[in-house]
Amino acid sequence: MGWQIQLNGDQHSFDWSEENCEVGGDAKRLKELRSYIWERVITKTEYLELPEAVGGYD
C-alpha cells in the first residue's frame with residue numbers, strides 16, 4: 001500500500017505493507033489519514049465530474 005504526495009513542487013512517497021508484520025504507531029495513523037482523505041475526495045462533485053483516466057505506467 002502506498003501514497004504519493006506532491007507539496008510545494010516536491011514529491012514524497014510513503015509505502016507500507018502488512019504482509020510480514022502488523023502496522024502500528026505513526027504508520028497506522030498515516031494509513032488512517034490516507035483513508036479519511038480518500039473518502040472525502042471521492043464524494044466531491046469535482047472528482048466525480050473528472051473524465052476517465054487514459055494511459056498509465058506498465
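The values are calculated or read from the model by the stated rules, or taken from the named source; none is laboratory data. Because the structure is a prediction, the values reported are computed rather than measured. We place every Cβ from the backbone using ideal geometry, glycine too, and count neighbours over all the protein chains shown. Please note that ligands, DNA and RNA were not included when accessible areas were found on the heavy atoms of the full protein model with its side chains. Shrake-Rupley method; radii C 1.70, N 1.55, O 1.52, S 1.80 Å.
Quick check on LYS44: is it open to solvent by less than 100 Å² (accessible area, probe 1.4 Å) and touching a residue at least 12 places away in the same chain (Cβ under 8 Å)? In short, no. Sub-8 Å Cβ pairs linking a first residue in region 1-24 that is over 15 Å from TRP38 (Cα atoms) and small (Gly, Ala, Ser) to a second residue that is at pLDDT 75 or above and in a loop (DSSP other than H, G, I, E, B), at least 6 apart or interchain, number zero.
Looking only at region 13-34, residues that are assigned to a loop (DSSP other than H, G, I, E, B) and either open to solvent by 100 Å² or more (accessible area, probe 1.4 Å) or among the acidic types (Asp, Glu) (or both) come to 4 in all.
Only a single item in (1) hydrophobic (A, V, I, L, M, F, W, C); (2) surrounded by 10 or more Cβ atoms within 10 Å (Cβ to Cβ); (3) modelled with pLDDT under 85 is not met by ILE37, and it is number (3).
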